[in-house]
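To start, the structure under review is shown below, and the notes come after it.
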Amino acid sequence: MIDKQDKIYLAGHRGMVGSAIYRQLIEAGYQNIVVRAHAELDLTDQVAVRQFMEQERPNQVILAAAKVGGIHANNEYPAEFIYQNLMMEANVVHQAWQIGCKQLLFLGSSCIYPKFAEQPMAEEALLTGILESTNEPYAIAKITGIKLCESYNRQYGTDYRSVMPTNLYGENDNFHLENSHVIPALIRKFYDAKVSDLATVSVWGTGNAMREFLHVDDMAAACLHVMALDKEQYQSCTTPMLSHLNVGTGDDVTVRELAKTIQCVVGYQGQISWDSSKPDGTPRKLMNISKLKSLGWQPKIGLKDGLARTYQWFVEHQGQFKQQ
């Protein structure tokens, strides 16, 4: 459980998830929060991470830092995705243990589950099948993060926890046209088409793939909820070698339905064309969130409301994305 006096190191505070966690920590009255920008601390640098941890000695660590991207980015930069994420996880988890950090939260991804996992995907589906090829390196790194936490718990008695979010979206997302995830990419495409008065917007894939989406503020609330659980509560829904918890909404939509909803939110009046030469990715990704719900958490932000909030944020900040 997080004490208000604890020193909390939040890795990745400028990212979409990290910034949401940071806002909610401040709103909840936590004041002893340590953050570092990438330019100040490279988490892939073992020596730098060790020196930082020895100097700051946080009681709590939230590892929200990661190299992330959509299908295109994962296909183009597989070595970067596996190397950078593995190094960040290994350095932060190990050095947290070295300085006696009492609690750590690792943020993973729903892509850890097999491509054809039974839906909705329960935590028990981990390592039961082949991963989706387009993001396998990233998924392997995230699986390793879970197993790092479990291994230190088993050997050293630490309290390192893992949460696996479904597809996230919201304020401070990456709206790059090629390297972003589906929601920010579609918001950007429809906005640009609306401003340029284009007749058609081309969307990757067939539109038939099904996806679940969770607003980043709900994810941040889930992270703090999991951190606040007593150790016995957390362990009541996990096992030493299956210690992660899913975070999602429990509902999904087709990418086609998603695109139409975003088109409506943006107010784009043109047509949508589907480029079936591009990959759909995993056919369906729906999380079973029964364990986390049994621990007292559930999402509060509906998809349409969340998309409207995200679009409003993008419009207010779209100037910073014009050169991307």
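Since every read-out is calculated from the coordinates, none of them should be taken as a lab result. All values derive from a computational prediction rather than experimental measurement. Because the Cβ atoms are built from the backbone with ideal geometry, glycine has one as well, and the counts that use them run over all protein chains shown.
In whole percent, what relative contact order does the chain give with Cα contacts below 8 Å and a gap of six or more residues?
In percent, rounded to a whole number, it is 20.
Tell me the Rg and the Dmax, in Å, that the Cα atoms of the range 106-228 produce.
17.5, 60
Take residue 280, project a point 7 Å from its Cα along the Cβ direction, then tell me which residues of the range 85-125 have their backbone nitrogen under 19 Å from it.
111, 113-121
Taking H placed 1.01 Å from N in the peptide plane, check which residues at least 5 places from residue 284 or on another chain put their amide H under 5 Å from its amide H.
210
Taking the simple approach of a point 7 Å from Cα along Cα-to-Cβ for both residue 316 and residue 3, what is their distance in nm?
Taking the two extended label points, one gets 3.7 nm.
If r is the Cβ-Cβ distance from residue 45 to residue 260 and R0 is 56 Å, what FRET efficiency results, to the nearest 0.05?
Efficiency, rounded to the nearest 0.05: 0.80.
Just from its helices, what would the mean residue ellipticity at 222 nm be for the chain, if runs of 4 or more DSSP H residues each count -39500 (n - 2.57) and the sum is divided by every residue, rounded to the nearest 500 deg cm²/dmol?
Estimated from H runs of four or more residues: -13500 deg cm²/dmol.
Which is farthest toward the positive dipole end of the chain among 104, 137, 72, measuring Cα position about the Cα centre, with Cβ charges +1 (Lys, Arg) and -1 (Asp, Glu)?
About the Cα centre, the residue reaching furthest to the positive side is 104.
Could you work out how far apart the two model spin labels at residue 197 and residue 178 are, taking each label as a point 7 Å from the Cα in the direction of the beta carbon, and quote it in nm?
Those two pseudo-labels are separated by 3.0 nm.
Which value results when the Cα radius of gyration for the chain is divided by 2.2 N^0.38 Å?
0.98
Multiply the residue gap between residue 294 and residue 155 by 0.36 nm, knock off their C-alpha separation, and tell me the result in nm, one decimal place. Please list the in-between numbers first.
Working: separation 139, 0.36 × 139 = 50.04 nm, distance 2.80 nm.
My answer for the length gained is 47.2 nm.
Rounded to the nearest 20 Debye, what is the dipole magnitude of the chain about its Cα centre when Lys and Arg each give +1 and Asp and Glu each give -1 at the C-beta?
On the way: 30 positive and 35 negative charges, 40 e Å.
Computed charge dipole of the chain: roughly 200 debye.
Hey, can you grab everything whose amide H is under 5 Å from the amide H of residue 214? Only 5+ residues off in sequence or another chain; H modelled, so Pro and N-termini drop out.
Here 167, 168, 169 satisfy the definition.
Among DSSP beta bridges whose residues both lie in the chain, state the antiparallel percentage, nearest 5.
On the way: 3 of 32 bridges.
Of those bridges, close to 10 percent are antiparallel.
Can you list the residues, at least 5 places off or on another chain, whose amide H is less than 5 Å from the amide H of residue 247, using H built in the peptide plane?
Here the answer is 164, 166, since their amide H atoms fall under 5 Å of that of residue 247.
Can you work out the FRET efficiency for the pair residue 99 and residue 228, with r the C-beta to C-beta distance and R0 = 22 Å, to the nearest 0.05?
0.50
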